[in-house]
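A.B. asks: I am attaching a structure below and will ask some questions about it afterwards.
The values are calculated or read from the model by the stated rules, or taken from the named source; none is laboratory data. Please read all numbers here as calculations on a predicted model, not as lab measurements. Glycine also receives a Cβ, built like all others from the backbone with ideal geometry; neighbour counts cover every protein chain displayed.
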Amino acid sequence: MNYLANVKDRGIILSPDGEGESMYPWDGGGIREAVITVDDSQPGAPVYYLSYDGAMPGKTHESYWNACSARSRDLLRWEKLGPTLCSSALTHPESSWEVYKDFCSASSPWDFRAGDRWYRYYLGADHCSGEGIPAFCYSTLLATADSPGGPWQKLCDRPGCEKRVCFPAGAPGSWDDATASPGPVMANPAYANDPTHEKKYIMIYSGSCSGVTKRSLGLARTDDLEAADDFDKPAAEGAFWVKDPEPILPPEEDIENASVFYEPSSGLYWLFTNHIYANQYTDAVWVYWSPRLDRWDPENKAIVMDRTRNDWAHGAIGMPSVVQKDEHTLYLFYDGVPGDGTGHLDRHIGLCQISLPLSIDRG
């Protein structure tokens, strides 16, 4: 398999707090799944927000994962701000997973701005392992705010909306019947030319099937960024995002999570995603390229980051998120375990830089 050219790892840029530090109660068990949001709504240089999953320490079934945030002006030095979304087990302890789909985890959020409103699509897990690691089923939930710094209001915290999700998992036997978790939201480039048949917005979401788990990415579409309904309502009857019936890449690719970069010079979309090793853990970041968001060729792919390119993480390498630093540089954030570890806990956030324009090293 080919590699993406001109990739340089810059090492760890954010770590869990240790005992006695302010964020230890929230991320002392590890930090992972970094997602970058750019706030350029004010004059001057943009402000960057890094949302990450903070694992509460203790490694028990009550060591929940919550969405935490950090802020930066240069993408290298980060100020931790604290939790921005909390699992419903913490905010509604009198209830249960049968009501709240984010009872055990409110994590992995993707932010999108429309006008003066910010929309946050986050992963909810209704179960977790004995160490607090989110477990199937994964759902996509919504929170809103007036700025990316929050405060964020979860839809499921509103009276009467406790069971709301953006779209349910697929019907039994479908490719996404086990999970349907969030990804980046974009304005649909096809909408302007065909508003009758196209939706205004597209999300690239992650799905997986039951049985022998295989994972891929799918498209969900909507005209209403607040579309959501009760998770136990049939998909055809609910006010949900509309999911395409088939994934954009074969489930045999075994990938999850997506971050997209559009390169005007080539006219290509570059989709960065995780590869799953032997149905066990994420072992690499891959990239696919296509001139269209809805058509992808599995042969057009390359490795971006794996153990051979990394100085500190030689086992698990987790969810990618990309942001353009300047006209010559793309930054990619990812998580990993120092050394050969492959577990979901005790992770750190790393950074690599990629030279633009993007190109493939074909060996």
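A.B. asks: Out of all the residues in segment 151-159, is one or more farther than 30 Å from Val47 by Cβ and of a type in the set (D, E, K, R)?
C.D. replies: The initial filter retains those residues of segment 151-159 that are farther than 30 Å from Val47 by Cβ, namely 159.
Imposing the further condition that a residue be of a type in the set (D, E, K, R) reduces the set to none.
No, there is no match, as no residue in segment 151-159 is farther than 30 Å from Val47 by Cβ and of a type in the set (D, E, K, R).
A.B. asks: Here is a further query. Go through segment 304-331 and report how many residues are buried (at least 24 other Cβ atoms within 10 Å of the Cβ), outside any loop (DSSP other than H, G, I, E, B) and touching a residue at least 60 places away in the same chain (Cβ under 8 Å).
C.D. replies: Final tally of qualifying residues: 3.
A.B. asks: Looking at the structure I just gave you, is Arg77 surrounded by fewer than 24 Cβ atoms within 10 Å (Cβ to Cβ), closer than 22 Å to Asp335 by Cβ and charged (D, E, K, R)? Give the derivation first.
C.D. replies: On the way: surrounded by fewer than 24 Cβ atoms within 10 Å (Cβ to Cβ): yes; closer than 22 Å to Asp335 by Cβ: yes; charged (D, E, K, R): yes.
Here the answer is yes, as Arg77 does meet what is asked.
A.B. asks: Exactly one condition in (1) over 15 Å from Asp126 (Cα atoms); (2) under 17 Å from the mean Cα position of the chain (by Cα) is not met by Trp65; state its number.
C.D. replies: That leaves (1) as the condition not met.
A.B. asks: Is it the case that segment 192-210 has a residue that's within 17 Å of Asp53 (Cα to Cα) and in contact with a helix residue (DSSP H, G or I) (Cβ under 9 Å, 6 or more places away or on another chain)?
C.D. replies: no
A.B. asks: If you take just the strands (runs of 3 or more DSSP E) that sit entirely in segment 71-177, which of them hold at least 1 residues that are over 18 Å from Tyr49 (Cα atoms) and modelled with pLDDT of 95 or more? Before the answer, list the steps.
C.D. replies: Values: elements: 79-85, 105-114, 117-128, 134-145.
Passing ranges, in order: 105-114, 117-128, 134-145.
A.B. asks: Still on this structure: For segment 193-209, name all the residues that are within 20 Å of Tyr277 (Cβ to Cβ) and assigned to a loop (DSSP other than H, G, I, E, B). Spell out how you get there, then give the answer.
C.D. replies: Going residue by residue through segment 193-209, those that are within 20 Å of Tyr277 (Cβ to Cβ) are 206-209.
Residue satisfying the conditions is Cys209 alone.
A.B. asks: Follow-up. Please specify each residue of segment 210-254 satisfying the condition of being under 23 Å from Pro320 (Cα atoms), part of a loop (DSSP other than H, G, I, E, B) and aliphatic (A, V, I, L, M).
C.D. replies: Correct list: Ile248, Leu249.
A.B. asks: Any residue in segment 260-285 that is more than 24 Å from Ser359 (Cβ to Cβ) and without any contact (Cβ under 8 Å) to a residue 60 or more places away in the chain sitting within a Cβ distance under 8 Å of a residue that is of a type in the set (A, V, I, L, M) and outside any strand (DSSP E or B)? List the pairs, counting only those 6 or more apart or interchain.
C.D. replies: From residues that are more than 24 Å from Ser359 (Cβ to Cβ) and without any contact (Cβ under 8 Å) to a residue 60 or more places away in the chain, the pairs are Thr282/Ala316; Thr282/Met319.
A.B. asks: Let me ask you something else. In segment 334-352, what count of residues is obtained for those that are more than 16 Å from Ser51 (Cα to Cα), in a strand (DSSP E or B) and among the small types (Gly, Ala, Ser)? Give the steps one after another, and end with the answer.
C.D. replies: To start, the set of residues in segment 334-352 that are more than 16 Å from Ser51 (Cα to Cα) comprises 337-346, 352.
Cutting the leftovers down to in a strand (DSSP E or B) gives us 339, 352.
Still in the list and also among the small types (Gly, Ala, Ser): 339.
Total meeting the criteria: 1.
A.B. asks: Return a yes/no flag: does segment 63-70 have any residue that is at pLDDT 95 or above, surrounded by 15 or more Cβ atoms within 10 Å (Cβ to Cβ), of a type outside the set (S, T, N, Q) and in a loop (DSSP other than H, G, I, E, B).
C.D. replies: Taking every residue of segment 63-70 in turn, at least one turns out to be at pLDDT 95 or above, surrounded by 15 or more Cβ atoms within 10 Å (Cβ to Cβ), of a type outside the set (S, T, N, Q) and in a loop (DSSP other than H, G, I, E, B).
A.B. asks: Consider only pairs whose beta carbons are under 8 Å apart and that are at least six residues apart or on different chains; among these, list those whose first residue lies in segment 143-172 and is within 12 Å of Tyr121 (Cα to Cα) and touching a residue at least 60 places away in the same chain (Cβ under 8 Å) and whose second residue is surrounded by fewer than 16 Cβ atoms within 10 Å (Cβ to Cβ) and of a type in the set (A, V, I, L, M).
C.D. replies: Close Cβ pairs satisfying both conditions: Phe167/Ala235; Phe167/Val242.
A.B. asks: Go through segment 1-50 and count every residue that is among the small types (Gly, Ala, Ser), modelled with pLDDT of 95 or more and part of a loop (DSSP other than H, G, I, E, B).
C.D. replies: Residues meeting the conditions: 8.
A.B. asks: Out of (1) touching a Phe, Trp or Tyr at 6+ places or on another chain (Cβ under 6 Å); (2) closer than 28 Å to Pro46 by Cβ; (3) crowded, with 18+ Cβ neighbours inside 10 Å, the odd one out for Asp229 is which?
C.D. replies: Unmet for Asp229, out of (1) touching a Phe, Trp or Tyr at 6+ places or on another chain (Cβ under 6 Å); (2) closer than 28 Å to Pro46 by Cβ; (3) crowded, with 18+ Cβ neighbours inside 10 Å: (2).
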